[in-house]
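The values are calculated or read from the model by the stated rules, or taken from the named source; none is laboratory data. Everything numeric in this text was worked out from a predicted model, so none of it was measured. Cβ placement follows ideal geometry from the backbone for every residue including glycine, while neighbour counts extend to all protein chains displayed.
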Amino acid sequence: MTFHTAGASEANSAVEELTATLAAELGVTVMQVSLARWLTAGDDRELDAIVPEVLTALRALAAEDRPPGSRRRSGLPMRTP
């Protein structure tokens, strides 16, 4: 049996909401970037080959341990239409 105080329950709910919001926003962003790259790609790759590439770049960016304020370009170049 698990007991939670009201404060702990509210804090867990806020963290779950934050996590869900971040996951949804990042999912949309990955799809937007993937679609943009697919539409401007000069090759015959399918969208389902580009999405994992973008997701891998996002994971690498999130895993970087950088000091606050430092800037480092990720391994995935940005394409502008």
### Message
Condition first: exposed (fewer than 11 other Cβ atoms within 10 Å of the Cβ) and either among the charged types (D, E, K, R) or touching a Phe, Trp or Tyr at 6+ places or on another chain (Cβ under 9 Å) (or both). Now tell me which residues in region 18-44 satisfy that.
### Response
GLU25, ASP43, ASP44
### Query
Quick one: what pairs do we get from region 11-31, first residue under 17 Å from LEU55 (Cβ atoms), second assigned to a helix (DSSP H, G or I), C-beta under 6 Å, 6+ apart or different chains?
VAL30/VAL54; VAL30/LEU55
### Query
exposed (fewer than 10 other Cβ atoms within 10 Å of the Cβ) and at pLDDT below 80 - does that describe any residue in region 53-63?
no
